[in-house]
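The values are calculated or read from the model by the stated rules, or taken from the named source; none is laboratory data. Everything numeric here is computed off the predicted structure, so don't read it as measured data. Note that each Cβ is placed from the backbone with ideal geometry, even for glycine, and that neighbours are counted across all protein chains shown. To get the accessible areas, we keep the full protein, side chains included, count just its heavy atoms, and leave off ligands, DNA and RNA. Shrake-Rupley method; radii C 1.70, N 1.55, O 1.52, S 1.80 Å.
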Amino acid sequence: MSALSSLLPPLVFGLLAAALVNYLSDVLPRSRRPARPHCLHCDFSLPWPYYLGNRPCPQCGQRPWRRRHAVTWVLLTALYLWLWQTPSPDVMPWPTAVGWGRAINFVLLVIFGLIFVIDLEHRVVLDQVSLAGGLVFALLGAWLHNWPTTLLGGLGGFLLMYGLYGLGELYLRWKIRRGAPLPEDEVALGFGDVKLAAILGLLLGWPDVLVMLLLALLLGGLFGLLILIVLLARRQDAAAAAMPYAPYLIVVTAYILLL
């Protein structure tokens, strides 16, 4: 009985984290603020009991939750259960502050999950999420490290990613001069990724932000190569394939801090 009762708090908080990520991922890309959920199939404004209970939409008959909702429920809940049992010392302001470490894990899990899901589904890092995340990460970074380390990490993340952003712009201009057909909205690297690198730099501090960017570049390059191979094998247009980059930044940051 004691073992089950000890699992109840992390289970509740894990489910709450997943619920917040799912809800905010549904409403923020549409309204840019917390709002009443809409049906993802017909855009009908859903009553809360229909959304929370995954009941069929009154207008189109489709259920409001998709496969992503179930995956988020399972993965975030399981991850928070594991983090509750083995909190990382990197997110504790002092060695015995296990309770604070668990609270910080919850906050980071929600913000990381939100950025990951929205960029994966919509290819965008929302300014509203970046601003809120930046404020939280700056305070956490200063608490876990110190203000000079935090601010230098944010500046380093911004400048390094902005340099990659500039190189991507030069590459696209070169392709245009050579007459390559490009979609109107194609970018080599979005400016949202630059802002994301900056706020993650605030959280990690200097020089850990350098390690994060290097590992994220390697991870993104590896998956990009795999995607390219699959597209070429299927004889699909690989040049027009857009790859979200924020998930790699998030995964590597989570690995450095939490695992």
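Number of residues in segment 20-65 that are under 18 Å from residue 117 (Cβ atoms) and either aromatic (Phe, Trp, Tyr) or touching a residue at least 40 places away in the same chain (Cβ under 8 Å) (or both): the value is 12.
Would you please name the residue that is modelled with the lowest pLDDT, looking only at residues in segment 6-48 that are of a type in the set (S, T, N, Q) and out of contact with any Ser or Thr (no Cβ under 6 Å at 6 or more places or on another chain)? Selected residue: 6. Just to be sure, is residue 71 open to solvent by less than 90 Å² (accessible area, probe 1.4 Å) and more than 18 Å from the chain's Cα centre (by Cα)? Answer is no for this residue. For segment 1-33, which residues satisfy the criterion of being over 28 Å from residue 99 (Cα atoms) and touching a helix residue (DSSP H, G or I) at 6+ places or on another chain (Cβ under 9 Å)? Those that are over 28 Å from residue 99 (Cα atoms) and touching a helix residue (DSSP H, G or I) at 6+ places or on another chain (Cβ under 9 Å): 26, 28, 29, 32, 33. Taken over segment 5-32, the criterion of being of a type in the set (D, E, K, R) and open to solvent by less than 70 Å² (accessible area, probe 1.4 Å) is satisfied by 26 alone. Applying a threshold of 8 Å to beta carbon distances and a minimum spacing of six or more residues, or different chains, the list of pairs starting in segment 137-161 at a residue that is farther than 21 Å from residue 246 by Cβ and ending at one that is surrounded by fewer than 16 Cβ atoms within 10 Å (Cβ to Cβ) reads 143/93; 144/90; 144/93.
For residue 58, the requirement of being open to solvent by 60 Å² or more (accessible area, probe 1.4 Å), touching a Leu at 6+ places or on another chain (Cβ under 9 Å) and farther than 23 Å from residue 109 by Cβ is met. Taking the criterion of being touching a residue at least 12 places away in the same chain (Cβ under 8 Å) and either surrounded by fewer than 22 Cβ atoms within 10 Å (Cβ to Cβ) or over 16 Å from the mean Cα position of the chain (by Cα) (or both), the residues of segment 118-131 that qualify are 120, 121, 122, 123, 124, 126, 127, 128, 130. Just one of (1) farther than 20 Å from residue 115 by Cα; (2) assigned to a helix (DSSP H, G or I) fails for residue 206. It is (2). Candidates 174, 100: the one that is open to solvent by 20 Å² or more (accessible area, probe 1.4 Å), assigned to a helix (DSSP H, G or I), modelled with pLDDT under 90 and of a type in the set (Phe, Trp, Tyr) is 174. Residue 79: in contact with a helix residue (DSSP H, G or I) (Cβ under 9 Å, 6 or more places away or on another chain), touching a residue at least 12 places away in the same chain (Cβ under 8 Å) and outside any helix (DSSP H, G or I), yes or no? No.
The residues of segment 87-128 that are farther than 23 Å from residue 248 by Cα and polar (S, T, N, Q) amount to a single one, 96.
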